[in-house]
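The values are calculated or read from the model by the stated rules, or taken from the named source; none is laboratory data. Everything numeric here is computed off the predicted structure, so don't read it as measured data. So basically every Cβ, Gly included, is an ideal-geometry build from the backbone, and we count neighbours across all protein chains shown. Protein only, heavy atoms only, side chains kept; ligands, DNA and RNA dropped before computing areas. Shrake-Rupley method; radii C 1.70, N 1.55, O 1.52, S 1.80 Å.
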Amino acid sequence: MTEAVHTPRVFSGIQPTGNLTLGNYLGALKRFVEMQASGVETIYCMVDLHAITTWQDPKDLKRATRELAAGFIAAGLDPARSILFNQSQVPAHAELAWVFNCVARMGWLNRMTQFKDKAGKNRENASVGLFAYPALMAADILVYKATHVPVGDDQKQHIELTRDIAAKFNHDFGVEHFPLTEGVIEGAGMRVMSLRDGSKKMSKSDPSDMSRINLTDDADTISQKIRKARTDPDPLPDTLAGLDDRAEARNLVNIYAALAGMTPDQVVAENAGAQFGQFKPKLADLAVAVLSPINTEMARLMADPGEIDRLLGEGADRAAAIAEPVLEETLDIVGMVRSRRR
Ligand code: TYM
């Protein structure tokens, strides 16, 4: 059978839990905006169904979803050029996820490191949803037959699983229905680490707020967090190789590079011999210059939640128009009778 050619289409999602972090921005959001400019159809989702795999206060969830939408738009996503919506408004995601629950194998999901990290020691008490989460993520992507998914490095394993699910589905039913989606994981920002511990990723669920920069932080808070970021006493080396065993220093260089649109090599070359006492204020100024306008625009958008809801509803209508026919075709392939008049 010849490989079907799938039209390029970009999909990605972010969970509306807690604040957007600099990691979300550099690893995902900033690249969503770049892809929007590339001429390919771009679909971006606030994945509220994923959020409830761990407990969410209902009021906080609604607020976080609207705030995430404000963050998307403030960062440069245009609801007229990209499809922006919240996942639960397009039921096709959850319906396809059920089919994928029956395609994915227990052994595959058992290997997912994110489940192990999030469930922690008390696995018996984790929700079934948290375990099945990667099958829903595969459905998010494949219900649009998306070919490219921009994500941070921590989502790589889930993208590989999405390919495994697509390949098994195609094989089991003898079709070339789903594409083998590629993750777009690149650049200095693909793995932003904690400001307190260079071996942990920057995360919105870290108990220490000093470990991360939130997109809602004001200029003083951003500067203070960068000034207090953990480093070592040595100056910056002449070459990137000199940062091999210096995780915290390497992280600040990477953040600078991603914010400035430079490579880490260029940053090191430009700052060779600088002490962190000099480099940190420079980084803080850069971070404030990039993030402050986003922060201000988010606050402005949040003043009109009704308008955000309207935009999300409109985005969901456009998303559903693509997803529903793919779901219908999928259910037909699986052998479900489709006889409703639409
Ligand atoms: P989430 O909500 O944890 O994170 C959203 C995006 O931000 C990236 N990211 C980072 N990148 C670099 N450094 C960091 N410290 C960092 N922290 C987070 C993530 O890699 C991600 O790209 N399962 C996904 C959401 C999802 C999804 C999807 C993504 C659901 N369905 C379909 C793509 C396609 C998640 O929990 O991301």
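In table form, for the structure just shown:
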| read-out | value |
| --- | --- |
| Gain upon complete extension [residue 275, residue 234; 0.36 nm per residue less C-alpha separation] | 14.1 nm |
| Residues residue 157 and residue 54, FRET efficiency given R0 of 22 Å [Cβ-Cβ distance, rounded to 0.05] | 0.75 |
| Eligible lysines near residue 201 by straight Cα distance, threshold 23 Å, same-chain separation 8 or greater | 30, 116, 118, 121, 156, 225, 228, 280, 282 |
| Debye log10 I(q)/I(0) at q = 0.09, 0.12 Å⁻¹ for the chain, Cα point scatterers | -0.51, -0.89 |
| Among 216, 263, 247 the positive-end extreme of the charge dipole of the stretch 209-342 (Cβ point charges) | 216 |
| Length added when fully stretched, residue 336-residue 37, from 0.36 nm per residue minus Cα-Cα | 103.7 nm |
| Listed residues 159, 181, 144: farthest to the positive end of the dipole of the stretch 140-187 (Cβ charges) | 144 |
| Rounded to 5, the percent of DSSP beta bridges in the chain classed as antiparallel | 10 |
| Packing rank of 30-38, 329-337, where each peptide gets the mean count of other beta carbons within 10 Å, highest leading | 30-38, 329-337 |
| Degrees, to the nearest 10: 128-142 long Cα axis against longest axis of the chain | 80 |
| Most to least packed among 191-199, 20-28 [average Cβ atoms within 10 Å] | 20-28, 191-199 |
| Near-label residues of the stretch 16-44 by backbone N, under 18 Å of a point 7 Å along Cα→Cβ of residue 197 | 23 |
| The chain, accessible area per residue, ligands and nucleic acids excluded (1.4 Å, Å²) | 48 |
| Relative pair counts by distance (%), Cα atoms of the stretch 209-300, 5 Å bins | 2, 14, 25, 25, 16, 10, 5, 2, 0 |
| Nearest-20 debye value, the chain charge dipole, Cβ charges on Lys, Arg, Asp, Glu | 640 |
| Distance between the stretch 326-342 and the stretch 147-176 - C-alpha centres, whole angstrom | 22 |
| Listed peptides 105-111, 299-305, 157-163 by packing density, highest first (mean Cβ within 10 Å) | 157-163, 299-305, 105-111 |
| Sulfur and carbon atoms: percent of accessible area, the stretch 209-300 [1.4 Å] | 49 |
| Contour minus Cα-Cα distance for residue 117 and residue 296 (0.36 nm per residue) | 61.0 nm |
| Cα-based helix-to-principal-axis angle, 247-260 vs the chain, degrees rounded to 10 | 70 |
| Distant-in-sequence amide H partners of residue 182 (H built 1.01 Å from N, under 5 Å) | 148, 149 |
| Assigned charges on the beta-carbon of Lys, Arg, Asp, Glu; the stretch 209-300 dipole about Cα centre (debye) | 240 |
